[in-house]
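Working notes for the structure below.
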Amino acid sequence: MKIVILDAYTENPGDLSWDALKQFGELTVYDRTPYDDKEIARRIGDAEIVLTNKAPISKAVMDTCPGIRFIGVLATGYNIVDVKYAREKGIPVSNVPAYGTASVSQFAIALLLEICHHTAHHAQAVSEGRWASCPDWCFWDYPIIELEGKTMGIIGFGRIGQSTGMIAKALGMRVLTYSRSVRESGKAIADYVDLDTLLAESDVIALHCPLFPETENIINKDTISKMKDGVIIINNSRGQLVVEKDLADALNSGKVYAAGLDVVSTEPIKDDNPLLKAKNCFITPHISWATKEGRQRIMDCTERNIQAFISGAPENVVN
């Protein structure tokens, strides 16, 4: 059986190994593949198993490569595959669910703590000699914020949202959530409320919801107007949840004190993104998921997905 990985680098830049997949057949690994149907189809060739992270598998690609029998997505999101057409052709598409729960929730809190303490900034100040030349035994030039007693509102309360909520509770925060489904496990962590209540009462708002038509642009000038003055917004879910100009305007006016973002609407970020010049906006390059432990879980689950397919009982099938 021939296996092709179209864009392996972000999942494994060299600190992990694909060798476990060689047990299933001949393995070809491409670090990156241009997002072009013809080139994608050329690289797939007559392979039966195709693994992709962000390289799209379209109807045209599947028609050009009739040998495809299984598509594995090296991520949880699978919108880069035409899953409906794959189903029509009898091709199961499997993803990797839940691999990043700990990593992503940890990173959400890391963004929040950086906003509260400006740790990197103050460490750099020490390296520049500013502490050594200070007349006092300590100094700071940003407000330092304590989280205990404050309220975190989490939009979306699945695995990652609940994990973030548990960390927030451990920091002494009250936790609210607005979610399309109510879970018993969630009730032990947060109070379920309507969106307007969450917006009005939260000191920190974290986004952990999927991108659906009803959640796209959920952070906009209207919802921001319902928030507390000086609110902090954290988003390491999907960039399209935020109207970026509206958030930039709110940051520059001070309505929103700060934002910690690991995602933007177009990635890599464009030079004209208004958030790049907004006040108190901390942007990281979509790395919440990228712990070595999380990436190893992707590889392990992908191995199990392929084994299940070969055994005739595919797992984690999304179509």
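Annotations
- Highest-first arrangement of 133-143, 303-313, where packing means the average Cβ count within 10 Å: 303-313, 133-143
- Long-range HN-HN contacts of residue 236 with modeled amide H, under 5 Å: 207, 262
- Stretching residue 131 away from residue 292 to a fully extended chain increases their span by 54.5 nm, per 0.36 nm per residue minus the current alpha-carbon distance.
- Beyond 28 Å, the tail of the calculated P(r) for the chain holds 48 percent of the Cα pairs.
- Ranked by how many other beta carbons lie within 10 Å on average, peptides 207-216, 70-79 from highest: 70-79, 207-216
- Å² per residue, accessible surface of region 185-319 at 1.4 Å: 47
- Sulfur and carbon atoms: percent of accessible area, region 158-306 [1.4 Å]: 51
- Surface composition of region 36-108: carbon and sulfur make up 50 percent of the accessible area, probe 1.4 Å.
- The sum of -39500 (n - 2.57) across all DSSP H runs of n ≥ 4, divided by the residue count of the chain, sets its helix-only mean residue ellipticity at 222 nm to -9500 deg cm²/dmol.
- Taken as Cα centroids, region 143-202 and region 258-319 sit 22 Å apart, rounded to the nearest whole angstrom.
- 3J(HN,Hα) along region 145-153, derived from phi through the Karplus expression 6.51 cos²θ - 1.76 cosθ + 1.60 where θ = phi - 60°, amounts to 10, 9, 8, 4, x, 8, 10, 9, x Hz, with x in place of Gly and Pro.
- Choice from 163, 17, 225 showing the highest fluctuation, given a GNM over the chain with Cα pairs closer than 10 Å: 17
- With θ taken as phi - 60° and the Karplus curve 6.51 cos²θ - 1.76 cosθ + 1.60 applied, the whole-hertz 3J(HN,Hα) list for region 296-307 is 5, 5, 4, 5, 5, 5, 4, 4, 5, 4, 5, 4 Hz, x standing for glycine and proline.
- Virtual paramagnetic centre 7 Å along Cα→Cβ of residue 272, amide N under 19 Å, in region 245-261: 245-249
- Built amide H within the under 5 Å cut-off of residue 153, gap 5+: 176, 203, 204, 205, 206
- Across every pair of non-identical alpha carbons in region 38-86, the mean reciprocal distance, once inverted, gives a Kirkwood radius of 10.7 Å.
- Estimated translational D of region 121-164 in µm²/s (Stokes, Kirkwood radius over Cα pairs; 37 °C; 0.692 mPa s): 237
- For the chain, the antiparallel share of DSSP beta bridges with both residues in that region comes to about 5%.
The values are calculated or read from the model by the stated rules, or taken from the named source; none is laboratory data. Nothing here was measured: the structure is a model prediction, and the numbers come from that model. Neighbour counts run over all protein chains shown; Cβ positions are idealised from the backbone, glycine included. Remember, those area values only see protein heavy atoms, side chains included, never the ligands or the DNA or RNA. Shrake-Rupley method; radii C 1.70, N 1.55, O 1.52, S 1.80 Å.
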